[in-house]
Amino acid sequence: MDRALSQDEIDSVFRNLRGRNPDDAVKKAIPYDFRRPDRIAKDQLRAIHLLHDNFARNLASSLSAYLRAYVMVNLVSVEQLSFAEFSQCLPSPTCLVSLGMMPYEGNAVLEINSSLVFPILEMLLGGTGKSSAKMNREVTEIEQVVLDGLYRIMLHDLKQAWQNVTPIDFTIEARETEPQLLQIMAPNEAVVTIGLEVRIAENSGMINIGMPSIIIKMLRQKFDQQWSVRRSESTENEQARILRLVKSSSLHLDVRLEGEALPVEDMLRLEVDDVLQLDHPVGKPLMCRVNGKLKYKGCVASNGRNRAFVIEELAKTSE
């Protein structure tokens, strides 16, 4: 709202400023903890965010096909914490695995909330995953074996997501159910944490990934190279992947003898044995439409007792 201040209001502002202590305007120093490692640059965190945003989209497609259910995966956060802070944020009990990161030394952490694990187990064993009973217990050894297929899919998509930066082979090295028992890093060691929210049917939960910050810093130059290079065209592997995804889809082909437009009034007067003149010359090529789009020109042929369409040329224009 735009309005002019009165003289009394202006004088009141200056009186308040004169009565303020000048020391209040000085920013107070914040104690620095020298045990805390250096922070990762914001541009590198943004690159990691974009990388795992692609991972979330691919994981949603992979899990939807694996579980035969609609799965939504959203990237919630990417931040840097100490390993102690990361462990304290995880629920207990939960489903934890320690991941090897060959060829790099060190281990990452993958955690799946119990609110996701047990509905997934139910779906893998033939259920619907819509059970109203909420379980909060440790995963048994048999259930861990059932979850191996889920881990295999997740680690494959995670490896593919990092492929554009550097090849990393993620492998499971240890399993735990209590975050405090997974001692793979020093408490004050910095980790980059990635939080993913997953929704399956009526269930939702978090998948958390923790990666050592020191490895992320080692890859700083590779991140810069990866995001600075603009690829003008897709690679052969990407084209093969897209072709593999769309190969099983169905298309509708339609070949028509195009004629003159017919008024609705004339169409309503049509009766049995009436003849419609299409005004389509015998030598004129027919148009083949794919999902309503003009793609090919050709002629009618026969294949045994079936009608067929012979493609003679590609249509120069598409509607």
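Could you list all residues from the range 118-129 that are in contact with a helix residue (DSSP H, G or I) (Cβ under 8 Å, 6 or more places away or on another chain) and either more than 17 Å from residue 202 (Cα to Cα) or free of Cβ contacts under 8 Å to residues at least 40 places away in the same chain (or both)? Break it down stepwise before answering.
Step one: filter the range 118-129 for residues in contact with a helix residue (DSSP H, G or I) (Cβ under 8 Å, 6 or more places away or on another chain), giving 120-121, 123-125, 128-129.
121, 125, listed by residue number.
Quickly run through the range 102-119 and pick out the residues that are charged (D, E, K, R) and surrounded by fewer than 20 Cβ atoms within 10 Å (Cβ to Cβ).
105 - this is the single residue of the range 102-119 that is charged (D, E, K, R) and surrounded by fewer than 20 Cβ atoms within 10 Å (Cβ to Cβ).
Filter the range 281-296 down to the residues that are within 17 Å of residue 251 (Cα to Cα) and not small (Gly, Ala, Ser) and list them by number.
Quick first cut of the range 281-296, residues within 17 Å of residue 251 (Cα to Cα) only: 287-296.
Once the filter is applied, which keeps residues that are within 17 Å of residue 251 (Cα to Cα) and not small (Gly, Ala, Ser), the range 281-296 yields 287, 288, 289, 290, 291, 293, 294, 295, 296.
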Practice task
Could you look through the range 55-99, keep only residues that are in contact with a Pro (Cβ under 9 Å, 6 or more places away or on another chain) and of a type in the set (A, V, I, L, M), and pick out the one that is nearest to residue 138 (Cα to Cα)?
Solution key: 96
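For (1) touching a helix residue (DSSP H, G or I) at 6+ places or on another chain (Cβ under 7 Å); (2) within 25 Å of residue 65 (Cβ to Cβ); (3) surrounded by 15 or more Cβ atoms within 10 Å (Cβ to Cβ), each residue gets a yes or a no:
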residue: 83; (1), (2), (3): no, no, yes
residue: 88; (1), (2), (3): no, no, no
residue: 100; (1), (2), (3): no, no, yes
residue: 141; (1), (2), (3): no, no, no
residue: 177; (1), (2), (3): no, no, yes
residue: 180; (1), (2), (3): yes, no, no
residue: 183; (1), (2), (3): no, no, no
Handout entry: The listed residue being closer than 27 Å to residue 46 by Cβ and assigned by TED's automatic domain parsing to the domain that holds residue 52, out of 152, 199
Key = 199
Practice task
Specify the residue that is surrounded by the fewest Cβ atoms within 10 Å (Cβ to Cβ); the eligible residues are those in the range 193-203 that are modelled with pLDDT of 85 or more and more than 14 Å from residue 111 (Cα to Cα).
Solution key: 199
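The values are calculated or read from the model by the stated rules, or taken from the named source; none is laboratory data. Not measured: the values here are computed from a predicted model. Virtual Cβ from ideal backbone geometry, glycine too; neighbours counted across all protein chains shown.
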